[in-house]
Structures are given as structure tokens and as C-alpha cells.
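Asks: Below is a structure I'd like to ask you about.
Throughout, read-outs are computed from the coordinates displayed, never taken from laboratory work. Predicted model only: the values in this text are computed from it and were never measured.
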Amino acid sequence: MIYFIPNVFAQKGKSEIAIGYGYYSVYTLVNGTPYGVSSGTPSITYRYYLSGNVTIGLGVGTENISNWGTFTTFAPEVTFAYMDTWQENVRVKLYGAASYGITIFQNNNLRTDQADNSGVWAYGFQATPIGVRVGRQVAAFLELGVGYKGLFHGGIAIRFPQRPTHNHGRE
């Protein structure tokens, strides 16, 4: 048990940027939108490590459904790693994530007899029970979930080193 204690706080204070792309968002699925009319969901997420297993952050994703509109979501996010291991000098982490925020809608398909719903917002979410991250400072990830990022979401994450603290002689 003592072996695992240092690992819990090993990443504390580090942060990362994750750039991803997802398919089959909740907007596509709920409305039965054909796959060919969706742009998919590019996203960017900033994460801060509270510990080696827990991060908090903010995700932003956007999807353009050509026969409907554009959905842009801003959502605070929390992740929790439930397995973190080294295999053949490669770090493999299994995690889950949850986010909940707002989605802003921009209508793409205006007709003269239609009201413009642009700027209307609603709640957006992403629930990801299964995420796999392979790598350490630079890592690839794949996620299975439901929400604004899509059923299938993957990409690359780049972790930044912890910033040194300077007290300049003051305590």
C-alpha cells in the first residue's frame, strides 16, 4: 500500500491540453441526423492535475450539422483514473470523465418562414465511463461515452511540467 501513496500525488500541479475529434454526438443521435451531414466534433480540453488520478478542467467542442445548425459546448470536466500502469515501458491509464456545461446553437438552415433560434443555449454534457490513455508527457487517448464529444472520441494530449513556485524570500 505504501508503494501506491507517492503515485497518488505524483502529477499534482501539472496541466495538459488535449486535442480530440469525436463522432456521433448526442445532437446527431437524438435527432437521427445522417452521419454524412455532421462535421464530427473537434474539441480542445485543458486539464489540471489535483493528484495523479484526478483532474479538473474545461472542454470546448463544436459540431456543425449542415441541415440543422452548429452546436458549440463549453463544459467544466472532471476525470478519475481507475487504473494506471506501466507495460513494456509504456504508461497505460484507464479513466472515466464527466462534464456538464452550456451549448450555444447557431441555426444553419434558415428559411423565410422559420424563426431564427441562433444564440439559444441549452445544457451540454459528456459522460465517458471508459477512456484509455497511452503515453506520459505526450499521450494518445480513445474514449467511449455519450454527449457533446460523441460516442467515440480520440486524440492527443500534451502534459506540461509543473511550474516552479518562487517565494522570492517571502514566507
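Asks: If I stretch the segment between I44 and L58 completely, what's the gain in nm (0.36 nm per residue apart, minus their alpha carbon distance), one decimal? Walk me through the intermediate numbers first.
Replies: Details: separation 14, 0.36 × 14 = 5.04 nm, distance 0.85 nm.
4.2 nm is the gain from fully extending I44 to L58.
Asks: Run the numbers on region 16-67 and let me know its relative contact order in percent, using alpha-carbon pairs under 8 Å that are six or more apart.
Replies: After rounding, I find 38 percent.
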